[in-house]
Amino acid sequence: MWLFGAQLILASLYGLASADSSVQPPGTGGKVLWNATWTDQLKHDLLMKYDKFARPAQHTNVTSVTFQLVIKHIEVDEIRSLMVVNAWCSFIWVDEKLKWNESDYGGLTKIHVGDHEIWQPDVVLYNSAIGNSIDHYGNTHCHVQMDGTVIWVPPSQFSVYCDINLRKWPYDRHTCRLYFGSWVYDGEQIYLKRPEHKSSPEGDTEMDPCEWTVLSVEEIEHKKYYTCCSEPYYNIEVLISVERRSPTYAGVVFTPAFVCVVLTLLVFWLPPPASEKFLLSGVTSVIICMFLAYFSQKLPVMGAHTPLIVEFYAYNLILVCLSVVVSVVSVSLSRRPRTRPVPWAINQLLSSRLASFLGLGDTKNKFMSMYPRQDSEELHERSLVDRDRTESVDTTSQQSLNCSREWILLAAAVDRVMFFVYLAIFIFMALAFYIS
């Protein structure tokens, strides 16, 4: 009984094998394959004796390789002067060993093969910042057409050194150069070229959201001869120009800069005897020092390209220190008792239109009305000391008070003159930053 069952099973298997052999692709010699398709047969015929290390053309023929770069993401490392480019690289060439007749393979016109199965051009980045690695491309399949055209679009990453100029940070622009070419084959074996009909610039810069905006991508073909060889070598230079997206920096950096400028100028509008001058200058200097410390951590130390915003904060700190010196002089002139009048020439200037231009009023009396407390204190002190003196002594005290008023007026005039000087300096610095 068991022998009869075994015969039935063998007969069934033989019938299935006969049925499969009737639909399998020709050329298999009647051998049954589990996944026998036209694609399997075509790949078997093309790759059975294929040498992926040999250029797929006669040594007298040139293999033309079309190269194009589609940028997806860019990072700029200012500290290391490095640009990292994530892109899709498009390679198109003709492999003379991968041609077939579609009628022989059930109308099959294209197949996909692994990048490790066929020959690929050894196009590398000449000026790569990672010198010990030339494997820039990801492992993706190749698209092969029946006329031998191979299309390979691997995701890639390139790192190159650039001349990073941070002079206009955070509105800086940078241009980096990438040189692509064959590492082994000369121009008589591989001709590296750009596509004849290049797509639109928008299609070349379909970038993911990042800090940088691509302004332009330019590809230039070069033909170069070396002293070692008589054959030319072709390479493609890719120029990438990027600009920093800086809306965030406008609020983080420039708003505090404007506040520091205003605080520095307001010091000169406080009354000459006011002690708040030193407090305001101290707060301003602390803010500036905090931002200078921030810049030292954020930006590299590059003597040739010092950012203008750093120079602005540094010069502002110097101006704040000078304003403290002016405040010391102003307070000294206004608080110390004076018995000598202001020199005649200076007094004439303070009594002219200059006082109105500086906002000091037409006369000293109108200006001194701004300080009634100080006038009353001085009059009270002098009344206690000179209570028993004669009328002539009272007249002398009044003259001394008038001298003190003149010196306070001079101190206020110095403050106002320094205000306009500082205002002119800040306007000049802003124009220099904008023009350069």
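Annotations for the structure displayed:
- Single unsatisfied condition, residue 121 versus (1) part of a loop (DSSP other than H, G, I, E, B); (2) at pLDDT below 90; (3) under 24 Å from residue 220 (Cβ atoms): (2)
- From the list 4, 91, 53, the one residue that fits, being modelled with pLDDT of 90 or more and exposed (fewer than 13 other Cβ atoms within 10 Å of the Cβ), is 53.
- Members of region 134-182 that are polar (S, T, N, Q), part of a strand (DSSP E or B) and open to solvent by 20 Å² or more (accessible area, probe 1.4 Å): 145, 149, 157, 175
- When region 274-289 is filtered for residues that are in contact with a helix residue (DSSP H, G or I) (Cβ under 9 Å, 6 or more places away or on another chain), part of a helix (DSSP H, G or I) and open to solvent by 20 Å² or more (accessible area, probe 1.4 Å), the ones remaining, listed by number, are 276, 278, 280, 282, 283, 285, 287, 289.
- The single residue among 281, 296, 351, 334 that is hydroxyl-bearing (Ser, Thr, Tyr) and at pLDDT below 65 turns out to be 351.
The values are calculated or read from the model by the stated rules, or taken from the named source; none is laboratory data. Fair warning: this is a prediction, and the values are worked out from it, not measured in the lab. So basically every Cβ, Gly included, is an ideal-geometry build from the backbone, and we count neighbours across all protein chains shown. Note: areas computed on protein heavy atoms with side chains; ligands, DNA, RNA excluded. Shrake-Rupley method; radii C 1.70, N 1.55, O 1.52, S 1.80 Å.
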